[in-house]
Amino acid sequence: MLLAFATVGLLSAAAGQDLLAVAPELAKIEYQDARVRVVRLHIPEHASLPTHERPRRVVVSLTANHVLLTRPDGTTSVTRTEAGNIAWSEPAVRSVLNLGGAVENIVVELKQADASGKPAANPPAALPAGYLSESRHRWALENQYVRVYDVRIPPGETTTFHRHAYDQVAVFVSGGLVSDQSDGQPWGQPKTIEPGGVSFAANAVKPITHRVRNDGKAEYHVVLVQFLE
């Protein structure tokens, strides 16, 4: 019993610590501004993360995840996700033990999200100005903070023209060889996108209308996280 109390005490003492403070060798900042921080989290096979506090966030799993979570009160749970999974998570304090192979996630943290996310069950019935409407951009989740799309383009296929009018983070799950054409302009040269890469675009200030062609031999898969506030 004394050992259990001591363990909970250590976990509680670690509460409030940031992920990068407790595991700087496993977490890397990919992008950051006053509103958002994008973190690449890599947990080697059977490695662990000390207890830390997490803010509200979108998690994109680049690999399958099989982990044991331990909370400050000593309760535990095991979670599994497939590669490419997209999820919204509320604040939490826990340690993480990797039960499987190497884990790599991109975590989009919302710095100013001070209330619980209110999940939308479906896309907006009345599409707001700047809404991204295109068949390859599958609406994945939405709340008052973010709207997230799971984008998959088969090899040789092209999206229709569509508009990006919100600031966004793109997470390139698969990467590939793609070409881009802005409205009224010729096609650009094909570009190689590295799998697992991340980019930020300030489209609220400078919206773009374009279409994308997959010039590669495999599906092009990217997750777009748009910021609504």
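The values are calculated or read from the model by the stated rules, or taken from the named source; none is laboratory data. Being a predicted model, the structure only gives us computed values, none of them experimental. Here Cβ is always computed from backbone atoms with ideal geometry, including for glycine, and neighbour counts include all displayed protein chains.
Within the set Asp33, Asp18, the sole residue that is among the acidic types (Asp, Glu), more than 30 Å from Trp139 (Cβ to Cβ), at pLDDT 95 or above and not assigned by TED's automatic domain parsing to the domain that holds Ala170 turns out to be Asp18. For segment 48-82, a tally of residues being out of contact with any Asp or Glu (no Cβ under 9 Å at 6 or more places or on another chain) and within 19 Å of Val38 (Cα to Cα) returns 3. For segment 83-106, a residue qualifies if it is of a type in the set (Gly, Ala, Ser), out of contact with any Asp or Glu (no Cβ under 8 Å at 6 or more places or on another chain) and either closer than 18 Å to Ala21 by Cα or assigned to a strand (DSSP E or B) (or both), and the qualifying residues are Ala87, Ser89, Ser95. Just wondering, is there one or more residues in segment 182-203 that are touching a residue at least 60 places away in the same chain (Cβ under 8 Å) and more than 23 Å from Tyr31 (Cα to Cα)? Among the residues of segment 182-203, not one is touching a residue at least 60 places away in the same chain (Cβ under 8 Å) and more than 23 Å from Tyr31 (Cα to Cα), which makes the answer no. Can you tell me which of Glu53, Glu109 is at pLDDT 95 or above and either under 25 Å from Arg138 (Cα atoms) or not in a strand (DSSP E or B) (or both)? Result: Glu109 is the single residue among Glu53, Glu109 that is at pLDDT 95 or above and either under 25 Å from Arg138 (Cα atoms) or not in a strand (DSSP E or B) (or both). For Ser179, indicate whether it is under 14 Å from Pro154 (Cα atoms), among the hydroxyl-bearing types (Ser, Thr, Tyr), over 19 Å from the mean Cα position of the chain (by Cα) and surrounded by 13 or more Cβ atoms within 10 Å (Cβ to Cβ). In short, yes. Only one of the numbered conditions (1) of a type in the set (D, E, K, R); (2) outside any strand (DSSP E or B); (3) touching a strand residue (DSSP E or B) at 6+ places or on another chain (Cβ under 6 Å) is violated by Arg147, and that is (2).
From Ala102, Ala83, Ala87, grab the single residue that is of a type outside the set (S, T, N, Q), closer than 22 Å to Leu224 by Cβ and in contact (Cβ under 8 Å) with a residue 60 or more places away in the chain. Criteria check complete, one pass: Ala83.
Just the residues that are exposed (fewer than 12 other Cβ atoms within 10 Å of the Cβ), without any contact (Cβ under 8 Å) to a residue 24 or more places away in the chain and aliphatic (A, V, I, L, M), please, taken from segment 116-141. Result: Ala121, Ala125, Ala126, Leu127. Scanning segment 46-99 for residues being of a type in the set (D, E, K, R), out of contact with any Ser or Thr (no Cβ under 9 Å at 6 or more places or on another chain) and crowded, with 16+ Cβ neighbours inside 10 Å gives a total of 1.
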